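Just so it is clear, none of the values below were taken in a lab; they were calculated from the coordinates. Because the structure is a prediction, the values reported are computed rather than measured. Neighbour counts run over all protein chains shown; Cβ positions are idealised from the backbone, glycine included.
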Amino acid sequence: MRCLKAVQVTTLVLMAGLIDGCSPDGQPEFPNEDKLTPGIFLDSEARAVLPAGMELRPIYDRGLALTKTSEGFRSHLYNDAARYCTIAYGHLVKRAPCNGTEPREFLTGVTEPRGAELLIGDMEQAQIAVLTSVTIDLTDGQYAALCDFVYNVGAGNFKRSTLLKTVNARRHDQVPFQFRRWVKAGGRELPGLVTRREREIKLYFEGVGVPRAAPAEGEDLSPIDIRSGESSP
């Protein structure tokens with residue numbers, strides 16, 4: 001009875017099987033998943049805003065589809081690899097484990113269309129980072145690929161990256177090599193990050209094909225951890 005009383009406001013969730021159960025102290029339990037927190041939520045910098053007169057460029061459908069595929073959709077609350085309460089396409093609810101005090105909308109689960117709405121809102125910080133850091137014109141594919149990259153690694157890491165310098169220098173033939181460096185998290189190379197980088201490269205070069213150039217002499221190709229980024233690009 002104590003367990004049921006503790007979660008009486010989330011009866012519908014329990015019936016739907018979206019919460020694992022209750023802990024010995026009567027608190028609802030939520031599943032843990034080995035999914036990375038999107039880096040855009042981990043930036044230490046203040047929330048960015050667009051400069052006056054600049055409009056937010058939307059991400060076209062193919063770009064959003066890439067992010068959706070890489071993040072994966074979860075209709076229910078879960079704790080990610082950092083034990084942060086999360087839902088939908090990596091939407092961060094709070095930097096703490098789920099405990100049953102989350103908004104009712106999340107406790108009862110979200111639909112995919114609602115998850116897409118959350119993702120579009122969350123992507124705004126990635127879009128602003130790309131719009132305010134890239135100094136050249138970008139195709140829709142290039143823009144979307146970079147926005148997905150920023151969502152994954154964070155705006156701060158992007159702004160300090162050799163990838164950004166390479167893009168701004170119009171050295172597009174070297175861009176794939178820079179994307180492929182960002183495949184580690186927590187000191188380990190992760191297959192999911194390798195796959196994500198390849199998807200971004202394919203989208204970046206949509207319509208023209210990925211260049212077959214060799215790395216430039218002296219180009220740094222050392223792997224980078226998406227959590228620590230580059231120290232001195």
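Contact order normalised by length for the chain, with contacts defined as Cα pairs under 8 Å and 6 or more residues apart; what percent is it? Intermediate results must be reported in sequence, preceding the final value.
Working: 357 pairs, mean separation 44.2, N = 233.
It comes to 19 percent, rounded to a whole number.
How far is helix 61-71 tilted, in degrees, relative to the longest principal axis of the Cα atoms in the chain, given as a value from 0 to 90 rounded to the nearest 10?
60 degrees
Using the Karplus curve 6.51 cos²θ - 1.76 cosθ + 1.60 with θ = phi - 60°, what ³J(HN,Hα) values do you get for each residue of the range 28-44, in whole Hz, with x for Gly and Pro?
Values per residue, Gly and Pro as x: x, 10, 10, x, 9, 10, 7, 10, 6, 5, x, x, 4, 8, 9, 5, 7 Hz.
From the C-alpha coordinates alone, can you work out the Kirkwood hydrodynamic radius of the range 125-225, in Å?
Working: mean 1/r = 0.0736 Å⁻¹.
Its Kirkwood hydrodynamic radius stands at 13.6 Å.
Rounded to the nearest 0.05, what FRET efficiency do residue 165 and residue 48 give with R0 = 22 Å and r taken as the Cβ-Cβ distance? Could you check?
Numbers: r = 20 Å, r/R0 = 0.89.
Efficiency for this residue pair is about 0.65.
Highest first, please rank the peptides 116-124, 152-160 by the mean number of other Cβ atoms sitting within 10 Å of their residues.
Values: 116-124: 17.2, 152-160: 23.0.
Ranked by mean Cβ neighbours within 10 Å, highest first: 152-160, 116-124.
So how do 90-97, 194-201, 131-138 stack up, highest first, on mean other-Cβ count within 10 Å? If you can, show how the numbers build up before the last one.
Numbers: 90-97: 17.1, 194-201: 18.8, 131-138: 14.0.
Highest mean packing first, the order is 194-201, 90-97, 131-138.
Nearest 10 degrees, 0 to 90: what angle lies between the long axis of helix 191-204 and the longest principal axis of the chain (Cα atoms)?
With rounding to tens, the tilt is 50 degrees.
Please work out the Cα center distance from the range 144-174 to the range 99-120, rounded to the nearest Å.
Centre-to-centre distance over Cα atoms comes out at 30 Å.
Round to the nearest 10 and give me the degree value, 0 to 90, for the angle of helix 140-153's Cα axis relative to the longest principal axis of the chain.
50 degrees
Antiparallel versus total DSSP beta bridges in the chain: what percent is that, nearest 5?
Numbers: 10 of 13 bridges.
Close to 75 percent.
Using Cα-only point scatterers and the Debye equation, what is log10 of I(q)/I(0) for the chain at each q in 0.08, 0.09, 0.10 Å⁻¹, rounded to two decimals?
After summing over all Cα pairs, the log10 values are -0.34, -0.42, -0.51.
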